[in-house]
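The values are calculated or read from the model by the stated rules, or taken from the named source; none is laboratory data. Just so you know, these numbers come straight off a predicted model, no measurement behind them. Note: ideal-geometry Cβ built from the backbone for every residue, glycine included; neighbour counts use all protein chains shown.
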Amino acid sequence: MKFIKRFILNRPAEKRLAYFYGMIATDEQVWLLKDENGELVLIEDELGEYSFLLPVWPSRSFAEMEAAHVNKSAAAFNMPLSEFLEELLVDIEKDGGAAAIFPNEKNTSIQNRDEIKEMLTRI
């Protein structure tokens, strides 16, 4: 199973994006990382469009696989999709951030709250 997960994780960003939306629409949750202090793990926006990015994954296993690259001491945790959209992303955007959807060490799709909500209405 790990081979299949690694294969999916190494797909291009647009393929991971489609997989992400299929999973979160079904499970109605997203997975994030927190550091040893309980703070959300954030990443830098290399394009400089946003102050920071909040990485999110469709499952615990993908979040844990990437934790090794982002922050080895990070722990994966889940959040209901409704809470993610209506509370966390609102705060993230107020602070100048956006979501990094299903990132890997090569690339990611960056989306704001409205784009995420729009994608979910299409599923």
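Below is a table of values for the structure above.
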| item | result |
| --- | --- |
| Test: SER109 is in contact (Cβ under 8 Å) with a residue 40 or more places away in the chain and of a type outside the set (Asp, Glu) | yes |
| Entirely in segment 1-109, the helices (runs of 4 or more DSSP H) that have 3 or more residues that are crowded, with 16+ Cβ neighbours inside 10 Å and out of contact with any helix residue (DSSP H, G or I) (no Cβ under 7 Å at 6 or more places or on another chain) | 13-27, 60-70 |
| Number of the exception - VAL30 against (1) within 16 Å of GLN111 (Cα to Cα); (2) touching an Asp or Glu at 6+ places or on another chain (Cβ under 6 Å) | (2) |
| Segment 87-105, residues that are of a type outside the set (D, E, K, R) and modelled with pLDDT under 95 | PRO103, ASN104 |
| Filter result for ILE24 (under 14 Å from the mean Cα position of the chain (by Cα), closer than 16 Å to LYS117 by Cβ and in contact (Cβ under 8 Å) with a residue 60 or more places away in the chain) | yes |
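Results for (1) over 17 Å from TYR19 (Cβ atoms); (2) in contact with a strand residue (DSSP E or B) (Cβ under 9 Å, 6 or more places away or on another chain); (3) acidic (Asp, Glu); (4) touching a residue at least 40 places away in the same chain (Cβ under 8 Å), shown as yes or no for each residue.
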residue	(1), (2), (3), (4)
SER59	no, yes, no, no
ALA75	yes, yes, no, yes
LEU81	no, yes, no, yes
LEU89	yes, yes, no, no
